[in-house]
Amino acid sequence: DTEVTQTPKHLVMGMTNKKSLKCEQHMGHRAMYWYKQKAKKPPELMFVYSYEKLSINESVPSRFSPECPNSSLLNLHLHALQPEDSALYLCASSLSPGALNQPQHFGDGTRLSIL
Amino acid sequence: TQLLEQSPQFLSIQEGENLTVYCNSSSVFSSLQWYRQEPGEGPVLLVTVVTGGEVKKLKRLTFQFGDARKDSSLHITAAQPGDTGLYLCAGFYNQGGKLIFGQGTELSVKP
């Protein structure tokens, strides 16, 4: 069982829908991440939150909107997505922001399909 | 652009064979991590190597970090079908604090 919980596991939405992905961890980690992963490819970093503040945005389109309501929760709000946004969206956390060499703990992801 | 070159990208072998996966860069890493990902799951950390020349063993898996901290390898002895999955190397550079992933190695071990 992963210590990072993501919901929902699967999501199918139309291009005009608004939906949100949720991520939760109770390990006391202060860095949280969103990644996008296409099949058989490595994860691509989207956003990094450090102490609940957005610290890195990897030039992600504005149709993806992250939110960190508290130190345990991370959301990704989706609006007007495109078919090419279909992918596995992974959330991860690590103990201290900016501290090198620390492992990232990944959730099992949300499989997103855009119709 | 800081790149991690991982090879091979695909590997299909029979149970009992040995294999090695390589991860190379022209840049120096503060550390390298190896992850394994099974279908429908997120990546799971296998090991972190920090010191140049370091060798770590995890049962049938042996991980090496190059002396110059620019490359790493994963060697699996007597592969089992349960070793099947996507293997990812990932490195931290001294600046930015971002984890940079290699392209991944899709391993299939047939019984």
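The values are calculated or read from the model by the stated rules, or taken from the named source; none is laboratory data. In this text, all values refer to a predicted model and were calculated from it rather than measured experimentally. Don't worry about glycine lacking a Cβ; one is built from the backbone with ideal geometry, like all the others, and counts go over all protein chains shown. To get the accessible areas, we keep the full protein, side chains included, count just its heavy atoms, and leave off ligands, DNA and RNA. Shrake-Rupley method; radii C 1.70, N 1.55, O 1.52, S 1.80 Å.
Structure notes:
- Criterion applied to B:Thr84, B:Thr105, B:Thr77 was being within 14 Å of chain A (Cβ to nearest Cβ) and over 15 Å from B:Tyr22 (Cβ atoms), and the one residue passing it is B:Thr84.
- Residues that are over 16 Å from A:Val4 (Cβ atoms) and part of a strand (DSSP E or B) are absent from the range A:88-100 altogether.
- Hits in the range B:99-111 - residues which are within 17 Å of A:Tyr33 (Cα to Cα) and either modelled with pLDDT of 90 or more or open to solvent by 60 Å² or more (accessible area, probe 1.4 Å) (or both): B:Phe101
- Test for B:Leu45: is it aliphatic (A, V, I, L, M), open to solvent by less than 30 Å² (accessible area, probe 1.4 Å) and in contact with a strand residue (DSSP E or B) (Cβ under 8 Å, 6 or more places away or on another chain): no
- Restricting the first member to the range B:3-22 and to residues that are open to solvent by 40 Å² or more (accessible area, probe 1.4 Å), and the second to residues that are among the small types (Gly, Ala, Ser) and not in a strand (DSSP E or B), the beta-carbon pairs closer than 6 Å and six or more apart or on different chains are B:Gly16/B:Ala78; B:Glu17/B:Ala79.
- In summary, B:Gly53 fulfils each of the numbered conditions (1) part of a loop (DSSP other than H, G, I, E, B); (2) crowded, with 16+ Cβ neighbours inside 10 Å; (3) more than 13 Å from chain A (Cβ to nearest Cβ) with the single exception of condition (2).
- Filter result for the condition that a residue is open to solvent by 40 Å² or more (accessible area, probe 1.4 Å), within 30 Å of A:Arg111 (Cβ to Cβ), at pLDDT 95 or above and among the charged types (D, E, K, R), over B:Arg60, B:Arg36: B:Arg36
- Exactly one residue out of A:Leu78, A:Leu21 is surrounded by 13 or more Cβ atoms within 10 Å (Cβ to Cβ), touching a helix residue (DSSP H, G or I) at 6+ places or on another chain (Cβ under 9 Å) and either in a loop (DSSP other than H, G, I, E, B) or in contact (Cβ under 8 Å) with a residue 24 or more places away in the chain (or both), and it is A:Leu78.
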